[in-house]
Amino acid sequence: MVVIAPAQVREGTYKPAGGAATPWSINEHQSLIWGGQPYLPIGVRIDGTEQAVAAAKAAGITDVIVDLPANGAAWDGVLTALNRAGMHFLLRVGSLAPMAHGFAVEPQGYRVTGIIKPMQVTVEIPGATSAFVVFATKSDATIVDSARVPIVNGVLTYNAKPGPEIEHILLIYPEITSMDQPDYWDDLDTERDELLGSLRKHTLGAGLRGIVNPMGRSLAVTGKEPRFVPTNSYFRMELSAFLEEKYKNLETLMKSWSMNSSTLSQIDNKTKKWLGTFNEVARLIPLWSATRGIGALLDPDTNHLFMCDNKLSQAWADISQVINVAGDRRFSRIVPAIRAIADVPVLQDWMGWIPPCESKHPSIDGLGMRVTGTTLSTLAESGCRAVSSLLRWNTRGWLVATDVDPGTSPDVPTLLGGILDDISSMGARGIFVRSDSPAILKKVADEARQRGADTSLAGQSTSPIFFPENAYNPAVPQKLPGDHWWLPTPSDGNRIDLGSHFYAYRSAMNEGTFILWTHTPGRYKLHILEPKSVKFQTIDGSDPMPKINKGLVEITLTEFPLIITGTLEVPVPDVSAVETIQQFKQMLTIGQRNHGGVDEQEMYFNQALIGFDRNPGGSFEQMRKQYWKLADKIAAYTWIEAEHYSDTNFSEVSNNPGCSAGRALSLRTLVPPGPGGYFAEYRVQVRSKDDQQLWIAAKIPAERRNDVSIMVGGQIMKLSGEPLSLYGGGFGWYKLGSTRVAGNMSSIRLQVDSAGNSEIAIDAILLTPEAFKPNGVTPPDPATFGALPTQRTKQPKRKGSGGS
């Protein structure tokens, strides 16, 4: 039994000043029921001005989202205009959410490398007031110097004095107002009080239908990995209380944070104070990220360092939990406070895979999603994550497309009906288009009138099939048969390599569950050691007609996902095994004839093959592993994992299970590069003297693509076009052009000529003499393989429908 807190009750009664009370509720189909009738608005998003209200009214619009600041400026005139026009509206708090003050911990970004002689280092860090700097040797991170340095007019100056002929690095930890982390402690209370005061003081009117972004809008979508520690006293109090409740005593805490056992007896020479209370530990700031930084904790009040083992420390996990709980708590308090004044649904625009969007029982009443483009694929890609978050709630929620940007193409009015249909099919039960085009506004009004009498959407639901972001491509956000949608989640999981004919993944959300499909529908045999306990379910309710034999299941596979449950073993299609064996033999012949040195791959492949009947899933995984090792040896193309550089000043090698080999080379820094830019250099064997295409697999924000180049054999090439074959949460393939490489070895230099707050991540570089069709993380075929004999079987006679 689930007990729903008062803030999670998805119903209420709105009573405007001088007006009649209207009950409302949110049903199980993500729809708002207002006064007993479904409210399914199709309207526009407007600025908070009387002129914008008049323009929307003149275009025939009856429903709007209006942006207004929390402090109540311009509310009177805008609210009066909206209610006089008889419009229904959602009030969106358009002012920026207050952001936290503290220390940015991004040693992968705030770093200066290549210091080999005494020099004055100057770095521009706008908005920072000071920074703690660590000067260390690059080879073993031995700390040479550390100090708190003032930042004057946005510029940090440090006199570096390295040892002779030893490269040093300068790590910078600026004290700054974050662009990512909202202030859940001091300033947010002020913002909350301003909003509540504005709601009390102004006549909201009968047209109000909801409030969006109760704590203001955020500048950036926050990711999983923390990179900022607030210095607010209330944050420290909450962290101290959390640590004391969790660990009970300092000795246990210090073990968990992997601090030296002598730390308790350390005394700061300046303050003469012992580090001996939970309050003092709560001041400490970890000086490392996932892959960069040093194993030390900084007390910013004393500028004292306490050494620790950063690979084992739980400091970041504890700090992150306190920050996330604080955000969830602030929402849980502000929502009922708002509804006590204006009892309407309170929504939050999707902010990322973080609370409250990712809470199972969130205090907010729904989510807003931003949707861009005109095609189903672009609409799905931009809006799918908000849909996924809400559909995984354990409570009901209202899903609204609060910001639909179809662009400025003259075709938009013609396409708008289909755009609205596609967004509705994803589960949105309210759509607001952002546009200044009179033609688009008129078309929105026309669509709203035509659809106004049809309330059937309020009784329809989207049925989700979830896949982990790591398995993005081959799984992609898309509409499937039977009102199903394929949607990403932040859960752990991975795609499964089954060769060229089949696609599969598994997710940690549902242990013992596999999703399998093929581009060639038919009957196939699956190798499963114990098939009797395995169940199969199609998404359209059709019968996959499993036929069970010893160690095999014969089943119907289509281009749509088949859900396989009841086994921890990877189901291996017989076609995949046959294909892998045949192609490996062909590659082995090529390798033995032309290259040699393939005995190791042959031995391990044969060992796995011998054990296939005893352990099909595990053996096949090893067979594919040896397949790709052999492919890398005999292929005419050159596939370079970006993290396998000979030299670089990029930020870090980051773990990303959705990438090739599970890692990528990342650049995220606000520090301007030197004359040579940010670079990664590679030494590669030349495998072809012919013209070769140059491709790069990367995640590069559109505004930074012109700053990325690759130099091969003295030829500099730039990115061209949009990325192809997207995968792994934003990665895609860019073609740079063609080149010819001489000699036996060649140098490749990847260069980025700018800094930026947005991340650039490089997965792989490809030089190939053959035409290349990108396919996510899968390299090209290493040879021209012969046709595979079909292994499909005859379709059995159907006995009925339904899964087993």
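The values are calculated or read from the model by the stated rules, or taken from the named source; none is laboratory data. No experiment lies behind these values; they were computed from the predicted model shown. Cβ atoms come from the backbone with ideal geometry, glycine included; neighbour counts cover every protein chain shown. Keep in mind that these areas ignore ligands, DNA and RNA; they rest on the heavy atoms of the full protein, side chains included. Shrake-Rupley method; radii C 1.70, N 1.55, O 1.52, S 1.80 Å.
Here are the numbers for the structure shown:
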quantity: Filtered residues of region 421-439 (kept if outside any strand (DSSP E or B), crowded, with 22+ Cβ neighbours inside 10 Å and aliphatic (A, V, I, L, M)); calculated: ILE423, MET426, ALA428
quantity: Any hit, region 268-287, residues being modelled with pLDDT under 95, within 34 Å of the chain's Cα centre (by Cα) and not in a helix (DSSP H, G or I); calculated: no
quantity: Any hit, region 507-526, residues being modelled with pLDDT of 95 or more, open to solvent by 50 Å² or more (accessible area, probe 1.4 Å) and either on the phi > 0 side of the Ramachandran plot or assigned to a loop (DSSP other than H, G, I, E, B) (or both); calculated: yes
quantity: Qualifying residue in region 55-62 (condition: in a loop (DSSP other than H, G, I, E, B) and surrounded by fewer than 17 Cβ atoms within 10 Å (Cβ to Cβ)); calculated: yes
quantity: Candidate set: region 139-160, residues that are of a type outside the set (A, V, I, L, M, F, W, C) and assigned to a loop (DSSP other than H, G, I, E, B); chosen: the one nearest to the chain's Cα centre (by Cα); calculated: GLY154
quantity: Region 187-203, subset open to solvent by less than 70 Å² (accessible area, probe 1.4 Å) and acidic (Asp, Glu), residue modelled with the lowest pLDDT; calculated: ASP189
quantity: Flag for PRO23 being in contact with a helix residue (DSSP H, G or I) (Cβ under 9 Å, 6 or more places away or on another chain), assigned to a strand (DSSP E or B) and modelled with pLDDT of 95 or more; calculated: no
quantity: Complete set of residues in region 301-324 that are over 21 Å from PHE242 (Cα atoms) and not in a loop (DSSP other than H, G, I, E, B); calculated: HIS304, LEU305, MET307
quantity: Exclusive hit being open to solvent by less than 30 Å² (accessible area, probe 1.4 Å) and more than 30 Å from ARG614 (Cα to Cα), set SER491, SER463; calculated: SER491
quantity: Residues within region 333-365 that are open to solvent by less than 50 Å² (accessible area, probe 1.4 Å), part of a helix (DSSP H, G or I) and not basic (Lys, Arg), tallied; calculated: 4
quantity: Residue satisfying condition, being more than 27 Å from THR518 (Cα to Cα), modelled with pLDDT under 95, open to solvent by 40 Å² or more (accessible area, probe 1.4 Å) and basic (Lys, Arg), within set ARG740, ARG792; calculated: ARG740
quantity: Filter pass, ILE166 being open to solvent by 20 Å² or more (accessible area, probe 1.4 Å) and either farther than 21 Å from LEU284 by Cα or in a strand (DSSP E or B) (or both); calculated: yes
quantity: ARG392 vs. criteria over 16 Å from the mean Cα position of the chain (by Cα), at pLDDT 95 or above and more than 30 Å from GLY207 (Cβ to Cβ); calculated: yes
quantity: Members of region 368-390 that are touching a Gly at 6+ places or on another chain (Cβ under 7 Å) and either in contact (Cβ under 8 Å) with a residue 60 or more places away in the chain or under 19 Å from ARG329 (Cβ atoms) (or both); calculated: VAL387, LEU390
quantity: Unique residue being in contact with a strand residue (DSSP E or B) (Cβ under 8 Å, 6 or more places away or on another chain) and open to solvent by 20 Å² or more (accessible area, probe 1.4 Å) when the list is SER31, SER25; calculated: SER25
quantity: Residue in region 599-621 that is open to solvent by 50 Å² or more (accessible area, probe 1.4 Å) and within 30 Å of SER666 (Cα to Cα) present; calculated: yes
quantity: Residue within region 464-482 that is at pLDDT 95 or above and of a type in the set (Ser, Thr, Tyr) present; calculated: no
quantity: Flag if GLU641 is open to solvent by less than 30 Å² (accessible area, probe 1.4 Å), among the charged types (D, E, K, R) and more than 30 Å from TRP486 (Cβ to Cβ); calculated: no
quantity: Residue count for region 10-52, restricted to those that are without any contact (Cβ under 8 Å) to a residue 60 or more places away in the chain, more than 21 Å from ASP405 (Cβ to Cβ) and under 34 Å from the mean Cα position of the chain (by Cα); calculated: 2
quantity: Count of region 26-39 residues which are outside any strand (DSSP E or B) and touching a Leu at 6+ places or on another chain (Cβ under 9 Å); calculated: 3
quantity: Looking only at region 95-115, and only at residues there that are touching a Pro at 6+ places or on another chain (Cβ under 6 Å) and either outside any strand (DSSP E or B) or basic (Lys, Arg) (or both), the one that is surrounded by the fewest Cβ atoms within 10 Å (Cβ to Cβ); calculated: SER95
quantity: Any hit, region 455-471, residues being among the acidic types (Asp, Glu) and more than 24 Å from the chain's Cα centre (by Cα); calculated: no
quantity: Count of region 63-94 residues which are open to solvent by 10 Å² or more (accessible area, probe 1.4 Å) and part of a strand (DSSP E or B); calculated: 4
quantity: Residue in region 539-559 that is closer than 25 Å to TRP628 by Cβ and within 34 Å of the chain's Cα centre (by Cα) present; calculated: yes
quantity: Flag if THR455 is open to solvent by 30 Å² or more (accessible area, probe 1.4 Å) and either more than 30 Å from TYR503 (Cβ to Cβ) or basic (Lys, Arg) (or both); calculated: yes
quantity: Residue satisfying all of: in region 244-259; at pLDDT below 95 and on the phi < 0 side of the Ramachandran plot; surrounded by the fewest Cβ atoms within 10 Å (Cβ to Cβ) among these; calculated: ASN249
quantity: Scan of region 366-420 for residues that are in contact with an Asp or Glu (Cβ under 7 Å, 6 or more places away or on another chain), of a type in the set (A, V, I, L, M) and surrounded by fewer than 20 Cβ atoms within 10 Å (Cβ to Cβ), ordered by number; calculated: LEU376
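Each row is one residue, and each column tells you yes or no for (1) part of a loop (DSSP other than H, G, I, E, B); (2) at pLDDT below 95; (3) touching a Cys at 6+ places or on another chain (Cβ under 7 Å).
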residue	(1), (2), (3)
GLY205	yes, no, no
MET215	yes, yes, no
LEU219	yes, yes, no
THR222	yes, yes, no
PRO226	yes, yes, no
TYR234	no, yes, no
GLU238	no, no, no
PHE242	no, no, no
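Yes/no matrix, rows are residues, columns are (1) at pLDDT below 95; (2) assigned to a strand (DSSP E or B); (3) open to solvent by less than 70 Å² (accessible area, probe 1.4 Å):
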position	(1), (2), (3)
ALA661	yes, no, no
VAL671	yes, no, yes
GLY674	yes, no, yes
VAL684	yes, yes, yes
ARG687	yes, no, no
ASP690	yes, no, no
ILE696	no, yes, yes
ASN706	yes, no, no
